[in-house]
Amino acid sequence: VYDVLVVGGGPAGAAAAIYAARKGIRTGLVAERFGGQVMDTVGIENFISVPYTEGPKLSAALEQHVKEYGVDIITGQRAANVSRYSNIAVALESGATLKSKSVILATGARWRELGVPGEAEYRTKGVAYCPHCDGPFFKGKKVAVIGGGNSGIEAAIDLAGIVEHVTVLEFADTLRADDVLVKKAKSLRNVDIITSAQTTEVIGDGSKVTGLAYKDRNSGEQKQLALAGIFVQIGLVPNTGFLKESEIELTRFGEVIVDTKGATSMPGVFAAGDATTVPYKQIIISMGTGATAALSAFDYLIRQSSD
Ligand code: FAD
């Protein structure tokens with residue numbers, strides 16, 4: 001039986017494991033893949049105090065740091081459910097069950113993909129998902145934002161201050177973003193908005209994005225735009241499907257609902273990072289919330305033993 005079992009090995013899980021292990025308590029970490037989304041990232045320029053690093057390098061450093069604390073690391077395993085008896089049980093897809101006095105869920109999220117030809121090929125070569133992360137790489141260039149919800153319009157407003165021109169493409173005939181954001185985007189001289197536009201292909205020259213093709217859903221006409229970057233903003237999907245059968249409360253988007261201490265609705269279960277309701281999905285924020293969840297788990301444990 002662990003004192004703290006962390007589920008997830010991204011920035012949130014790594015930070016939680018280190019903070020827990022530093023309290024001298026028995027800490028385990030189970031993850032499908034160490035590093036999480038960071039493994040899919042090339043340049044990282046907003047990890048404060050490190051002006052530039054790359055995903056695989058940061059992942060290796062996270063793993064090295066966790067290993068220095070004797071955390072019991074189990075990779076290549078996916079959690080299938082979480083339930084609470086006298087301890088908390090984390091069932092794995094393999095059929096095994098891990099038991100712990102407290103659990104920290106840090107299973108992250110994934111960007112929803114367009115699923116069109118060229119998207120996978122040009123990922124990190126012009127196809128991007130995070131404007132806060134990758135916007136500055138397109139300084140002075142033309143980009144598109146796919147998706148006219150709040151995140152798409154926020155991205156367009158954000159990018160308009162950095163890049164030469166932004167075209168927003170929305171599949172539906174109206175934008176779903178809040179009015180105040182739409183008004184702001186429409187007031188910017190270097191932002192164009194195209195509705196009823198179905199993106200059909202990411203076009204490139206073999207090494208980088210050069211444009212995209214879309215179908216005008218009113219006329220049926222195929223059109224093309226010349227671009228250096230495409231920001232896909234059609235949603236972030238939390239990796240919390242395995243909690244649907246549990247008693248842990250999720251939002252309708254599947255985010256684990258946490259309070260300011262990272263506590264979930266199940267006593268002894270805490271959560272951190274992109275899988276949760278914590279606003280803004282970033283490495284530094286995931287690490288901070290991972291630390292918070294671990295300190296809260298420790299606080300919970302010391303109160304249990306004094307009962
Ligand atoms: P994740 O990194 O998603 O890690 C989740 C962990 O949980 C992984 O170990 C995964 O294997 C594991 N897992 C998932 N499901 C299960 C399960 N059922 N059982 C067991 N384990 C499971 N942020 C920045 O701050 N700066 C950037 O420059 C930046 N660039 C980015 C570029 C890209 C392409 C992407 C995709 C994201 C980028 N981000 C960036 C966002 C950042 O990567 C995330 O905010 C951060 O990784 C979230 O950390 P996390 O630990 O919450 O989740």
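The values are calculated or read from the model by the stated rules, or taken from the named source; none is laboratory data. In this text the structure is predicted, and so the values were computed from the model without any measurement. As a convention, Cβ positions derive from the backbone with ideal geometry for all residues, glycine included, and neighbour counts pool all protein chains shown. For the accessible areas, the whole protein counts, side chains as well, though only heavy atoms, and no ligand, DNA or RNA atoms are used. Shrake-Rupley method; radii C 1.70, N 1.55, O 1.52, S 1.80 Å.
Details
- The fraction of accessible area contributed by carbon and sulfur in segment 225-266 is 52 percent, rounded to a whole number (1.4 Å probe; ligands and nucleic acids excluded).
- Axis angle, to the nearest 10 degrees, between helix 150-160 and the longest C-alpha principal axis of the chain: 60 degrees.
- Averaged over its residues, the chain has an accessible area of 48 Å² per residue, based on protein heavy atoms and a 1.4 Å probe.
- Crossing angle, helix 11-21 versus the chain [Cα axis fit, 0-90 degrees, rounded to tens]: 20 degrees
- Between segment 97-150 and segment 158-196, the Cα center-to-center distance that results, in Å: 19 Å
- Alpha carbon Rg of the chain, scaled by the compact-globule rule 2.2 N^0.38 Å: 1.09
- Note on Asp178 and Ile284: with the Förster distance fixed at 22 Å, the Cβ-Cβ geometry gives a FRET efficiency of about 0.25.
- Efficiency of FRET between Val1 and Glu113 - r from beta-carbon atoms, R0 41 angstrom, step 0.05: 0.55
- Over segment 116-175, relative contact order from alpha-carbon pairs under 8 Å, at least 6 apart, %: 34 percent
- Fully extending the segment from Ala226 to Lys23, taken as 0.36 nm per residue of separation minus the present Cα-Cα distance, adds 67.6 nm.
- Sorting 186-193, 168-175 by their mean Cβ neighbour count within 10 Å, with the most densely packed peptide first, gives 168-175, 186-193.
- Cα-based shape type of segment 168-212, given that a ≥ b ≥ c are square roots of the gyration tensor eigenvalues and the cut on a/c is 1.5: oblate
- 3J(HN,Hα) from dihedral phi, segment 183-191, Karplus parametrisation 6.51/-1.76/1.60, rounded to Hz, x for glycine, proline: 4, 4, 4, 5, 7, 8, 5, 9, 10
- Accessible carbon and sulfur surface of segment 7-160 relative to its total accessible area, %, 1.4 Å: 49 percent
- Within segment 260-300, backbone nitrogen closer than 13 Å to the virtual label 7 Å beyond the Cα of Asn150 toward Cβ: 277-281
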